[in-house]
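This report refers to the structure that appears directly beneath it.
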Amino acid sequence: MGSAAARAGLWPWWAQVACVYTAARLVSACIFMAAALHQGVNPWFPAKPDYWNFINIWDARWYGEVLRNGYPSQLPVDDGGNVQENAWAFYALFPMLGRALSAMTGMDPALALTVIAMAAGLGAALVVYRLFRQKAAHRTAMWGVVFFSTFPVAAVLQVPYAESLNLLLLASALLLVMQRRYLWAMPVVVLMCLSRPTGVPFAAMAGGLLAYRLWERTRPGIRRGDEAPAHSGRDLLGLAGLTAVSGLGALMWPAIAWAVTGDPSAYTKTETVWRGHDLVPFKPWFDTGIQLFGPALGVLAPFIFVAAFGLVMTSSPVAALGTELRLWCVCYMGYLLVFLHPQTSTFRMLLPLFPLALSAALMSRSRAYRGTVVTMFVLLQIVWIVWLWAWAQLPGGGDYPP
């Protein structure tokens, strides 16, 4: 075993990453297949489906609908005029790529989406490694990739969801930002903004980074000797351009929905259908806190969560990520606090915080620690798939979404 690991350590970095990621996805596939054996009656297919049917449920059905029929030109409404669930909640890049692959190869649309998701997930793992290598040695970066690949909701990277494509584009954009290749990052960010709603926090991160670099230039004495040179005027101009492009990119999908439907609130109306109420910033966190912990502790729960997250972000392992990655994590979590309605899908929405996987690897070099983390992640992956991916009707109807 040790000899095999030593030989694998001599492989090129991309082969090591591909091996780790593929092994993780095979483990997830085994969990999916085991859970499918216990899947009972459900809205999509007979009980005990095969693997391919089992992973093509939930949002995968919506992406398949977009691939086949596109987006509605009018928002569907009920007899009371209330907007109903529709495809505008699902960004276009992923199903567009699926349509192109299906048209070129004759592949079944569902299979085309699955192939793109799996390929994008592997690509994301490769870019994540390159990103982690900006801040850590090879071995630690590899452990960061292991944690990324086995994270409790990482199984979603091999199903026909847009998460893997979005993470590929997000990791690529963050890598280009860390390398100060801001012009190259712009088209990547535009594509990212068409894959999932990560444009707003990325624009906030770019704007915050620009403000920090401008302040940094006025305080040259604060820089440590091991840090990169201060940004030049050209760097700052590129970063300002990236901030502007990111902001416009964040508005692009709502603008497209407006242009097609004629309703300026088409996207937000569609998104809030799943919530059952209008978007009110921050309020859902307090509502959920009260629901889970009661009227007193529930009001305090969001503040406690923010304080705990603040302590994590100031810890030494997280500080080692550097300004860009830490700022991204803060902006993304801030975005979730402002706009997210916390529920079972929240676990899946934590994936863009993947830079923290490197922090987890930096906490300790102990094999026992790192092995325990991977073991716990795989066990929690079983919990996530069995509890949330497999469908089991609740007493009031429906089921918790993954």
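The values are calculated or read from the model by the stated rules, or taken from the named source; none is laboratory data. None of the values given here were measured: they were computed from a predicted structure. Here the Cβ is made from the backbone with ideal geometry for all residues, glycine too, and neighbour counts use every protein chain on show.
Evaluate region 151-172: report whether one residue or more is among the small types (Gly, Ala, Ser), at pLDDT 95 or above, surrounded by 24 or more Cβ atoms within 10 Å (Cβ to Cβ) and more than 13 Å from the chain's Cα centre (by Cα). No, there is no match, as no residue in region 151-172 is among the small types (Gly, Ala, Ser), at pLDDT 95 or above, surrounded by 24 or more Cβ atoms within 10 Å (Cβ to Cβ) and more than 13 Å from the chain's Cα centre (by Cα). As for region 312-325, it holds no residue that is loosely packed, with under 15 Cβ neighbours inside 10 Å, over 27 Å from Trp143 (Cα atoms), at pLDDT 95 or above and of a type outside the set (Phe, Trp, Tyr). In region 383-402, the residue that is surrounded by the fewest Cβ atoms within 10 Å (Cβ to Cβ) out of those that are outside any loop (DSSP other than H, G, I, E, B) and aliphatic (A, V, I, L, M) is Val383.
Matching residues to (1) touching a strand residue (DSSP E or B) at 6+ places or on another chain (Cβ under 9 Å); (2) hydrophobic (A, V, I, L, M, F, W, C); (3) modelled with pLDDT of 95 or more; (4) closer than 30 Å to Asp59 by Cα:
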{"position": "Leu194", "(1), (2), (3), (4)": "no, yes, yes, yes"}
{"position": "Thr198", "(1), (2), (3), (4)": "no, no, yes, yes"}
{"position": "Arg213", "(1), (2), (3), (4)": "no, no, no, no"}
{"position": "Glu216", "(1), (2), (3), (4)": "no, no, no, no"}
{"position": "Arg219", "(1), (2), (3), (4)": "no, no, no, no"}
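I'd like the full set of residues that are within 21 Å of Ala320 (Cα to Cα) and either of a type in the set (Asp, Glu) or surrounded by 11 or more Cβ atoms within 10 Å (Cβ to Cβ) (or both), limited to region 360-382. Ala360, Ala361, Leu362, Met363, Ser364, Arg365, Tyr369, Arg370, Val373 - these are the residues of region 360-382 that are within 21 Å of Ala320 (Cα to Cα) and either of a type in the set (Asp, Glu) or surrounded by 11 or more Cβ atoms within 10 Å (Cβ to Cβ) (or both).
Inspect region 54-67 for any residue being over 22 Å from Pro197 (Cα atoms) and not acidic (Asp, Glu) and give the result as yes or no. Yes, there is a match, as at least one residue in region 54-67 is over 22 Å from Pro197 (Cα atoms) and not acidic (Asp, Glu).
Restricting attention to region 263-286 and to residues that are touching a helix residue (DSSP H, G or I) at 6+ places or on another chain (Cβ under 9 Å) and without any contact (Cβ under 8 Å) to a residue 12 or more places away in the chain, the residue that is surrounded by the most Cβ atoms within 10 Å (Cβ to Cβ) turns out to be Ser265.
In this entry, Leu358 passes the filter for residues that are farther than 28 Å from Gly289 by Cβ and of a type outside the set (Lys, Arg). The set of residues from region 90-113 being of a type in the set (Gly, Ala, Ser) and either without any contact (Cβ under 8 Å) to a residue 60 or more places away in the chain or assigned to a helix (DSSP H, G or I) (or both) comprises Gly98, Ala100, Ser102, Ala103, Gly106, Ala110, Ala112. Looking across region 173-202, just one residue is farther than 26 Å from Gly64 by Cβ, surrounded by fewer than 24 Cβ atoms within 10 Å (Cβ to Cβ) and within 14 Å of the chain's Cα centre (by Cα), and that is Val200.
When you scan region 32-52, do you find a residue that is assigned to a helix (DSSP H, G or I), surrounded by fewer than 17 Cβ atoms within 10 Å (Cβ to Cβ) and not hydrophobic (A, V, I, L, M, F, W, C), even just one? Yes: one or more hits. Filtering Ser366, Ser316, Ser345 for residues that are polar (S, T, N, Q) and within 30 Å of Pro46 (Cα to Cα) leaves a single hit, Ser345.
Does Met118 fit the bill of being closer than 22 Å to Leu327 by Cα and either of a type in the set (A, V, I, L, M, F, W, C) or modelled with pLDDT of 95 or more (or both)? No, not satisfied. Taken over region 341-374, the criterion of being free of Cβ contacts under 8 Å to residues at least 60 places away in the same chain and within 27 Å of Trp58 (Cα to Cα) is satisfied by Pro342, Gln343, Thr344, Ser345, Thr346, Met349, Leu353.
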